[in-house]
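Undergrad: Let me begin by handing over the structure; questions about it come next.
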Amino acid sequence: MAGEVKYIPLHGRVVIRGQIRAETGLRIGGNPSGIVIGGIDNIVLRNPVSQLPYVPGSSLKGKMRSLFERYCGAAINHEIDQVSIHSCHVGGTNYEKCDVCHIFGVPAPSKEDKFKPDHPTPLVVRDVDLARIGGQTVDELDEYTEIKWEAAIDRITSAAVPRQMERVPAGAIFEPMELIYNVYSADVLGRLPQVFVALQLVEDDYLGGLGSRGSGKVRFEELEVVCKRKDGGRYKAVGKKEYGNLEALLSDGTFETWVAEQIAIKEAAAEEAPTEEGVTEETPTEE
Ligand SMILES: [Zn+2]
């Protein structure tokens, strides 16, 4: 309705921390313009400040979303910069039931768009720097990457045309990984387990490039889930659970109940629009 004021309360946050372990070489491509003369063409992305290879939050979130769209069978109906994705803002989809748009958000609306999402995007995925490779921390290492040689085979002459790719070697650990899940409603909270499903889809697929040729197998490990609840004007950590890996978390049948108890969403109706009974109770009866 026009002119209607909408309140979107942030009841709490679920903070998911952990590490990303590369089980095979990992290649998240960088911009070749940053390369030195005589270097290789296919370099990995580096944090401009620390020069460490890193996993951009956008890469991880984008991969989670694309695999989750397929998992949900969501309609691929929108193009951003020549990339086809799913979005409920296009119309003709069931937004109420759509986990993709409720968790990962819808593209920023243009002026013509009439569609308004129910709440801001709950899921935030941060960048993760390389922390160590094998037993060595980045401070102890001189090299953070390896050069992988590949060969394109000419189908007629069988000549091998070699090319080189830079990647972070197997055994690399990126941490701290951090995902934030903002709880705007009980409905949003109910969709939280799907975030872990999306992470598991990435484990079963790959992260970064060259996935169909052996790179990018990752595991999300040493997981810690911290619930923060609005309390006394700020968000306080009220509970924590730890899991060695995603499988352990997804197999925990008590997880959803536990999170719901920690965040303890109060009924919006009772909080913001007191019932007549509530008003009567709070109004002094004697003058
Ligand atoms: Zn959708």
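A short reminder: the numbers here are calculations on the coordinates, not readings from a lab. Keep in mind it's a predicted model, so treat the numbers as computed, not measured. With ideal geometry, Cβ positions are generated from the backbone for all residues, glycine too; neighbour counts draw on all protein chains shown.
Undergrad: Under the rule of at least 5 residues apart or a separate chain, name every residue whose amide H is placed under 5 Å from the amide H of Val238.
TA: Those lying under 5 Å, H to H, from Val238 are Cys227, Lys228, Arg229.
Undergrad: On to the next question. Could you compute the longest span of the chain free of chymotrypsin sites (Phe, Trp or Tyr not before Pro) located in DSSP loops and having at most 16 other Cβ atoms within 10 Å, not counting the site residues? Could you put the intermediate results ahead of the total?
TA: Working: sites that count: Tyr7, Phe115.
Maximal segment without exposed cleavage sites: 116-287.
Undergrad: Now, a different point. Residue by residue through region 218-223, which ³J(HN,Hα) values in whole Hz follow from phi under the Karplus form 6.51 cos²θ - 1.76 cosθ + 1.60 (θ = phi - 60°), with glycine and proline marked x?
TA: 10, 10, 9, 9, 6, 7
Undergrad: Mind telling me which of Asn182, Asn77, Asn245 comes out most flexible in a GNM of the chain, alpha-carbon contacts under 10 Å?
TA: Of Asn182, Asn77, Asn245, the most mobile in the Gaussian network model is Asn77.
Undergrad: Something else now. How do Glu140, Glu69, Glu112 rank when sorted from fewest to most other Cβ atoms within 10 Å of their own Cβ?
TA: Glu112, Glu140, Glu69
Undergrad: Moving to a separate point now. Which of rounded, prolate, oblate describes region 80-137, given a ≥ b ≥ c as roots of the alpha-carbon gyration tensor eigenvalues and a/c under 1.5 marking rounded, otherwise prolate only if a/b is larger than b/c?
TA: Working: a/c = 3.01, a/b = 2.49, b/c = 1.21.
Taking the square roots of the gyration eigenvalues as a ≥ b ≥ c, region 80-137 is prolate.
Undergrad: Let me ask another. Karplus couplings for region 14-23 from phi (6.51 cos²θ - 1.76 cosθ + 1.60, θ = phi - 60°), rounded to Hz, Gly and Pro as x?
TA: Working through the residues one at a time gives 10, 9, 10, 10, x, 10, 10, 10, 7, 8 Hz.
Undergrad: With θ set to phi - 60° and the Karplus curve 6.51 cos²θ - 1.76 cosθ + 1.60, what are the ³J(HN,Hα) couplings of region 130-135 in order, to the nearest whole Hz, using x for Gly and Pro?
TA: Going residue by residue, I get 5, 10, 7, 10, x, x Hz, with x marking Gly and Pro.
Undergrad: Taking H as built 1.01 Å from N, whose amide H comes closer than 5 Å to the amide H of Glu178, not counting residues under 5 places away?
TA: Arg126
Undergrad: If you don't mind, there's one more thing I want to ask. Can you give me the convex hull volume of the Cα atoms of region 34-151, divided per residue and expressed in Å³?
TA: Details: hull volume 23.3 nm³, N = 118.
Looking at region 34-151, the number lands at 198 Å³ per residue.
Undergrad: Over the chain, with a single point scatterer placed on each C-alpha, what log10 of the ratio I(q)/I(0) does the Debye formula yield at q = 0.13, 0.16 1/Å?
TA: -1.01, -1.33
Undergrad: Another question about this same structure. So for Ser215, Ser158, Ser84, fewest C-beta neighbours within 10 Å to most, what's the order? Don't jump to the answer; show the numbers that get you there.
TA: On the way: Ser215 22, Ser158 7, Ser84 11.
Going from sparsest to densest Cβ surroundings: Ser158, Ser84, Ser215.
Undergrad: At q = 0.13 Å⁻¹, what log₁₀ I(q)/I(0) does region 173-262 have when each alpha carbon counts as one equal point scatterer in the Debye sum?
TA: -0.51
Undergrad: I've got another one for you. Once fully extended, how much extra length lies between Leu141 and Val161, figured as 0.36 nm per residue of separation less the alpha-carbon to alpha-carbon distance? Display every interim value, and only then the final one.
TA: Numbers: separation 20, 0.36 × 20 = 7.20 nm, distance 3.17 nm.
Taking Leu141 through Val161 to full extension adds about 4.0 nm, to one decimal.
Undergrad: Continuing with this model, one more query. For helix 193-204, what angle does its Cα long axis make with the longest principal axis of the chain, in degrees from 0 to 90 and rounded to 10?
TA: The angle comes out at about 10 degrees.
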